[in-house]
Amino acid sequence: MKKSSKCMVAVLLAVLTVLSSFSIIGSFAAEDDKAEAVASVMTDAGQEVAAPAEDAEAADADEPVAVTDPEATTEPVVDPAPEVGNVTGVKKTSFVSDYIRLEWNKTAGVSGYTVYYCDVDKDKTLFIKAGDTANTYMEIKNLRQSTMHIFKIFAYVVKDGVRYEGQPTLMTTATQPVKVAGLLRTRSSEVISFKWNVNQNVTGYKVFRSSGASSNNFVLVKTIRGKKNTTYADTNISSGKIYTYKVVCFRELPNGNLYHSPGSTITSMCGLCAPNFSISTKLYRVSLSWKRNRYATRYDIYYSTNKDAVKYTFAGSTTGTSFVTNRLSTQKLYFRVYPIYKKNGTTITGTSHTKEIYVSNKIYGVATGGTYVEVNISAQRMWLYKNGKCLVDTPVVTGTRNYMDTPKGYFDIYSRARNTVLTGPGYASPVDYWMAFSGGCGIHDASWRSSFGGNIYTYNGSHGCVNTPYNAVRTIYNNTTYGTPVIVY
């Protein structure tokens with residue numbers, strides 16, 4: 001019995017030891033993963049039974065257990081940046097030389113636009129801000145003429161004090177060239193040629209031609225490349241025909257776009273060429289003569305102290321083939337004679353040669369002072385100069401040509417009289433003023449004449465005296481004296 005009792009006790013101790021082991025293992029598993037762990041126990045029948053997933057207290061709880069991530073942070077919510085559209089429809093709407101006007105389409109939802117520009121001819125990398133605008137256009141001023149420019153235009157939006165910009169739109173264009181200046185005929189014979197001044201920043205020039213003085217039917221006859229090529233000669237012309245030329249300069253960009261200047265025009269007649277004139281001087285005057293041009297209706301005479309002057313001083317006009325200037329100063333002067341065609345409201349100027357001469361105060365080998373009387377027989381005119389100032393300029397009638405010519409030479413007044421009678425073979429003529437200068441020839445009034453000057457002296461001249469209008473002769477008498485020079489030529 002004692003031995004049997006001891007065996008029973010040993011069996012119970014073994015069972016208790018096994019149960020204790022499973023309890024410990026279940027406890028460890030529950031600590032490792034309370035939500036998922038499953039503990040097993042062995043029944044007396046040797047079957048495994050699943051242990052509850054949570055203890056009774058946790059299973060009966062009504063409130064969920066909050067789990068906090070210690071690395072989580074709290075940040076404010078920020079709206080995304082606005083989308084800014086691109087500028088479209090950019091175009092140049094100006095055609096001037098010193099500014100460019102750009103226009104573009106309206107971009108929806110933007111606050112404004114910004115424009116930058118680059119003078120490519122000056123610096124290909126430097127962009128300068130032209131400004132901001134809320135309009136859909138901008139004028140960029142004070143630009144150089146005929147110059148290539150690149151523009152950047154972009155829209156922007158200002159939101160919560162922050163500026164957001166869209167992508168830039170590029171526009172390549174140029175300012176217009178200015179009109180060519182200095183357009184001048186150089187030949188108008190069987191060849192019509194002309195020249196003009198160099199125009200800066202241009203690619204070249206275009207020459208257009210129309211037949212006639214007022215025709216607008218211009219046809220391109222020549223494209224000249226290179227800004228320094230500023231001459232043109234036209235050989236395909238007919239004598240006596242009128243041609244009008246228009247010269248336009250242009251700037252060409254790498255993309256092939258052309259920018260033109262306004263046209264400068266010049267009208268010429270084939271054959272209205274420069275007369276080859278002779279020139280001489282005496283007694284402070286210059287005399288010019290030439291052969292007649294069959295197309296000229298008159299001739300204009302100009303002079304200058306500078307041969308290369310742009311503008312010469314107008315000396316006078318004549319329908320004849322000779323001209324004598326007014327009194328000039330003793331100095332070197334340059335002269336030009338232009339043939340002029342004028343008909344039915346059309347005036348065309350021909351070309352001219354330039355000749356120089358030093359104005360002389362001498363005549364008949366004698367230098368004249370500032371006070372003298374001058375008589376020009378071919379011009380049928382007389383002048384009185386006193387201390388270099390012209391007091392009288394009058395037409396006269398001199399001695400009948402080839403019959404009783406007025407003597408030519410350098411004389412002095414040697415006799416003066418008032419209210420006297422001039423006598424000669426077959427005549428007695430009372431005069432109010434008389435001034436003798438050579439033998440029986442003198443200067444006097446002629447009340448019997450109703451006109452003076454012109455060609456009267458060729459068929460009804462005097463007996464050798466200088467017949468003078470009354471008011472003119474009175475002034476001469478009152479401003480001269482014995483010894484005053486009288487020069488006749």
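The values are calculated or read from the model by the stated rules, or taken from the named source; none is laboratory data. Everything numeric here is computed off the predicted structure, so don't read it as measured data. With ideal geometry, Cβ positions are generated from the backbone for all residues, glycine too; neighbour counts draw on all protein chains shown. With ligands, DNA and RNA removed, areas are computed over all heavy atoms of the protein, side chains included. Shrake-Rupley method; radii C 1.70, N 1.55, O 1.52, S 1.80 Å.
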- Task: Between residue 241 and residue 139, with labels modelled 7 Å along Cα→Cβ, what's the label distance in nm to one decimal, could you check?
- Result: 4.5 nm
- Straight-line reach from residue 152: which lysines have a Cα under 27 Å away, not including same-chain ones fewer than 8 places off? 91, 92, 106, 122, 124, 129, 141
- Message: Taking the alpha-carbon distance from residue 332 and a cut-off under 23 Å, which lysines remain once sequence neighbours fewer than 8 residues away in the same chain are dropped?
- Response: 282, 307, 311, 355, 362, 389
- Note on the structure: Computed from every Cα-Cα pair in the range 175-217, P(r) in 5 Å bins starting at 0 and rounded to whole percents is 5, 16, 21, 25, 19, 11, 4, 0
- Query: On average, how much accessible surface per residue is there in the range 167-213, in Å², for a 1.4 Å probe, leaving out ligands, DNA and RNA?
  - Reply: 41 Å²
- Please report Rg over Rh for the range 337-464, where both radii come from the alpha carbon positions and Rh follows the Kirkwood definition. 1.07
- Per residue, how big is the convex hull around the C-alpha atoms of the range 174-283? Give it to me in cubic angstrom, could you? 139 Å³
- Message: Give me, ordered by chain and number, the residues 5 or more places off residue 281 or on other chains with an amide H under 5 Å from its own placed amide H.
- Response: 287
- Query: Using a 1.4 Å probe on the protein chains only, how many percent of the accessible area of the range 245-387 belongs to carbon and sulfur?
  - Reply: 45 percent
- Please quote Rg/Rh for the range 245-361 to two decimal places, taking the Kirkwood radius as Rh and restricting both calculations to Cα atoms. 1.15
- Task: Evaluate Rg over Rh across the range 115-179, taking Cα atoms for both radii and Kirkwood's formula for Rh.
- Result: 1.04
- Message: With 16 Å as the cut-off, how large is the P(r) tail for the range 85-129, expressed as percent of Cα-Cα pairs?
- Response: 53 percent
- Message: If I model the range 310-359 as equal point scatterers sitting on the Cα atoms and use the Debye formula, what is log10 I(q)/I(0) at q = 0.19, 0.32 Å⁻¹?
- Response: -0.77, -1.46
